[in-house]
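S.K.: I'd like to ask you about the structure that follows.
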């Protein structure tokens, strides 16, 4: 969750991306200073960025663009591409300099992006909204990489009916992917969050928590989810495959930088889809690529491939581009922004759910059209689909 390994775990752990990063409970790593100070600092940093426009000044010749990543199955193509020379290949093709760096703490990677210290970062769409967008930093979803397709689940002890969750305490990482999944699960059963009582439990402790007699329900993600499902009395009653496309993992890029140098977008997109095509091959080269990614993440190949099975990778850029133009994305993003606002994840940045604008292809905007801070742009994915990179 926070981009670092929990040494107390006995299983191979691929740290998961956290949602609503600023406002996590104490089990999460957080910046050393408070949220209000951080918001002020990031707003100041954002003020120093040029406003996105068609006439953006070209970047200096020696500009090095930095892409930050953290450990998660769907984001491991980035360090592998760097290691395999794919980053250099595409950077050279478009005459740009690209540096791929690991940030051990996922929250910190988002903070660095928001402060303008890195130019692109791996992020969920929800975090792109609640961290950089809420801080006033304008970002563009360059590529949709994957969505959770069973990586997250709701477990009941001693019952296989979701409706039986009513009135139970539910252990989960509050204000995270798990909290969002719980809200969607309850909705499907005609229930609401007040119908249960959440108990904030760190991802490092969630497996052990299931063994406690007082634990009767929980929500978590892989690999913890897989371990819990093996235990007696554990019944998975809802998982993220029921809400396809809602828990999205992406690469977001500073909008001003992207508009100033579209070649950056082309190079990053070329890197991504060449790497996905390679890792998806069912031959020695494909297995070697996946094995290298597993090693880079601290996992073994079987463990890494197991997580890929419940991660819907958009290997086809045309499919990813099409989803950005699908009304279903607007509906899913609307759910996410309302959940984020209702749970205070915008902090002081918004007095209304509509204060922050989110732009989609075709001119559709959720929220303020004069304060758009998150943009879905299928341009570069479409170029990849058409073979024009």
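The values are calculated or read from the model by the stated rules, or taken from the named source; none is laboratory data. Owing to the predicted nature of the structure, the values given are computational and were not obtained by experimental measurement. When we count neighbours, we look across all protein chains shown, and the Cβ atoms used for this are built from the backbone with ideal geometry, even at glycine.
S.K.: Can you tell me which of 170, 154 is over 26 Å from residue 305 (Cβ atoms) and in a strand (DSSP E or B)? Steps first, please.
M.R.: Working: 154 fails: over 26 Å from residue 305 (Cβ atoms).
Step by step, each of 170, 154 is checked, and only 170 is over 26 Å from residue 305 (Cβ atoms) and in a strand (DSSP E or B).
S.K.: For the stretch 212-264, what are the residues that are on the phi > 0 side of the Ramachandran plot and buried (at least 16 other Cβ atoms within 10 Å of the Cβ)? Reasoning before the result, please.
M.R.: First, pick out the residues of the stretch 212-264 that are on the phi > 0 side of the Ramachandran plot: 233, 245.
Of everything in the stretch 212-264, just one residue is on the phi > 0 side of the Ramachandran plot and buried (at least 16 other Cβ atoms within 10 Å of the Cβ), namely 245.
S.K.: Those residues that are part of a strand (DSSP E or B) and surrounded by fewer than 20 Cβ atoms within 10 Å (Cβ to Cβ), I need them from the stretch 60-75; list them, please.
M.R.: Quick first cut of the stretch 60-75, residues part of a strand (DSSP E or B) only: 64-69.
Scanning the stretch 60-75 gives 64, 66.
S.K.: Just to be sure I understand, how many residues within the stretch 267-292 are touching a strand residue (DSSP E or B) at 6+ places or on another chain (Cβ under 9 Å) and in contact (Cβ under 8 Å) with a residue 60 or more places away in the chain? Before the answer, list the steps.
M.R.: Pass one, the stretch 267-292, residues touching a strand residue (DSSP E or B) at 6+ places or on another chain (Cβ under 9 Å): 267-269, 271-273, 276, 279-280.
Next, only the ones that are in contact (Cβ under 8 Å) with a residue 60 or more places away in the chain stay: 267-269, 271-273, 276, 279.
Number satisfying all stated conditions: 8.
S.K.: While we're here: On the basis of being closer than 26 Å to residue 353 by Cβ and at pLDDT 95 or above, does residue 195 make the cut?
M.R.: On the way: closer than 26 Å to residue 353 by Cβ: yes; at pLDDT 95 or above: yes.
So residue 195 fits the description; yes.
S.K.: Please tell me if residue 357 is under 22 Å from the mean Cα position of the chain (by Cα), within 17 Å of residue 138 (Cβ to Cβ) and surrounded by fewer than 20 Cβ atoms within 10 Å (Cβ to Cβ). Before you say what the answer is, go through the steps one by one.
M.R.: Details: under 22 Å from the mean Cα position of the chain (by Cα): yes; within 17 Å of residue 138 (Cβ to Cβ): yes; surrounded by fewer than 20 Cβ atoms within 10 Å (Cβ to Cβ): yes.
Considered against the rule, which asks whether it is under 22 Å from the mean Cα position of the chain (by Cα), within 17 Å of residue 138 (Cβ to Cβ) and surrounded by fewer than 20 Cβ atoms within 10 Å (Cβ to Cβ), residue 357 comes out as yes.
S.K.: Across the stretch 335-354, which residue is surrounded by the fewest Cβ atoms within 10 Å (Cβ to Cβ) among those that are touching a residue at least 60 places away in the same chain (Cβ under 8 Å) and in a loop (DSSP other than H, G, I, E, B)?
M.R.: Initial filter on the stretch 335-354 (touching a residue at least 60 places away in the same chain (Cβ under 8 Å)): 335-337, 339-340, 343-350.
Adding the requirement that they be in a loop (DSSP other than H, G, I, E, B) leaves 343-346, 350.
Numbers: 343: 18, 344: 14, 345: 25, 346: 25, 350: 21.
Filtering the stretch 335-354 for residues that are touching a residue at least 60 places away in the same chain (Cβ under 8 Å) and in a loop (DSSP other than H, G, I, E, B), the one surrounded by the fewest Cβ atoms within 10 Å (Cβ to Cβ) comes out as 344.
S.K.: Test residue 291 against the stated conditions and say whether it is more than 24 Å from residue 93 (Cβ to Cβ) and out of contact with any helix residue (DSSP H, G or I) (no Cβ under 6 Å at 6 or more places or on another chain). Before the answer, list the steps.
M.R.: Details: more than 24 Å from residue 93 (Cβ to Cβ): yes; out of contact with any helix residue (DSSP H, G or I) (no Cβ under 6 Å at 6 or more places or on another chain): no.
The answer is no for residue 291.
S.K.: What is the residue count in the stretch 108-127 for residues that are part of a helix (DSSP H, G or I) and either in contact with a helix residue (DSSP H, G or I) (Cβ under 8 Å, 6 or more places away or on another chain) or without any contact (Cβ under 8 Å) to a residue 60 or more places away in the chain (or both)?
M.R.: Start the filter on the stretch 108-127 by keeping residues that are part of a helix (DSSP H, G or I), which leaves 108-114, 125-127.
Next cut, either in contact with a helix residue (DSSP H, G or I) (Cβ under 8 Å, 6 or more places away or on another chain) or without any contact (Cβ under 8 Å) to a residue 60 or more places away in the chain (or both) only: 110-114, 125-127.
Of the residues in that region, 8 qualify.
S.K.: For the stretch 76-102, how many residues meet the condition of being buried (at least 22 other Cβ atoms within 10 Å of the Cβ) and either at pLDDT below 95 or assigned to a loop (DSSP other than H, G, I, E, B) (or both)?
M.R.: Qualifying residue count for the region: 1.
S.K.: Does any residue of the stretch 358-370 turn out to be touching a strand residue (DSSP E or B) at 6+ places or on another chain (Cβ under 7 Å), in contact (Cβ under 8 Å) with a residue 12 or more places away in the chain and assigned to a helix (DSSP H, G or I)?
M.R.: yes
S.K.: Find the residue count for the stretch 214-230, including only residues that are more than 24 Å from residue 146 (Cβ to Cβ) and modelled with pLDDT under 95.
M.R.: 1
S.K.: Would you be able to tell me the number of residues in the stretch 293-334 that are in contact with a strand residue (DSSP E or B) (Cβ under 9 Å, 6 or more places away or on another chain), closer than 19 Å to residue 281 by Cβ and part of a loop (DSSP other than H, G, I, E, B)?
M.R.: Counting residues in the stretch 293-334 that are in contact with a strand residue (DSSP E or B) (Cβ under 9 Å, 6 or more places away or on another chain), closer than 19 Å to residue 281 by Cβ and part of a loop (DSSP other than H, G, I, E, B) gives 1.
S.K.: Just to be sure I understand, how many residues within the stretch 191-223 are without any contact (Cβ under 8 Å) to a residue 60 or more places away in the chain, part of a helix (DSSP H, G or I) and touching a helix residue (DSSP H, G or I) at 6+ places or on another chain (Cβ under 8 Å)?
M.R.: Counting residues in the stretch 191-223 that are without any contact (Cβ under 8 Å) to a residue 60 or more places away in the chain, part of a helix (DSSP H, G or I) and touching a helix residue (DSSP H, G or I) at 6+ places or on another chain (Cβ under 8 Å) gives 4.
S.K.: What about residue 313, is it closer than 19 Å to residue 124 by Cα and touching a helix residue (DSSP H, G or I) at 6+ places or on another chain (Cβ under 7 Å)?
M.R.: Yes; evaluated as a whole, the condition is true for this residue.
S.K.: Please verify whether the stretch 132-139 includes one or more residues that are in a strand (DSSP E or B) and surrounded by fewer than 24 Cβ atoms within 10 Å (Cβ to Cβ). Don't jump to the end; show me each part of the working.
M.R.: Of all residues in the stretch 132-139, those in a strand (DSSP E or B) come to 139.
In the following step, the residues that additionally are surrounded by fewer than 24 Cβ atoms within 10 Å (Cβ to Cβ) were identified as none.
No, every residue in the stretch 132-139 fails to be in a strand (DSSP E or B) and surrounded by fewer than 24 Cβ atoms within 10 Å (Cβ to Cβ).
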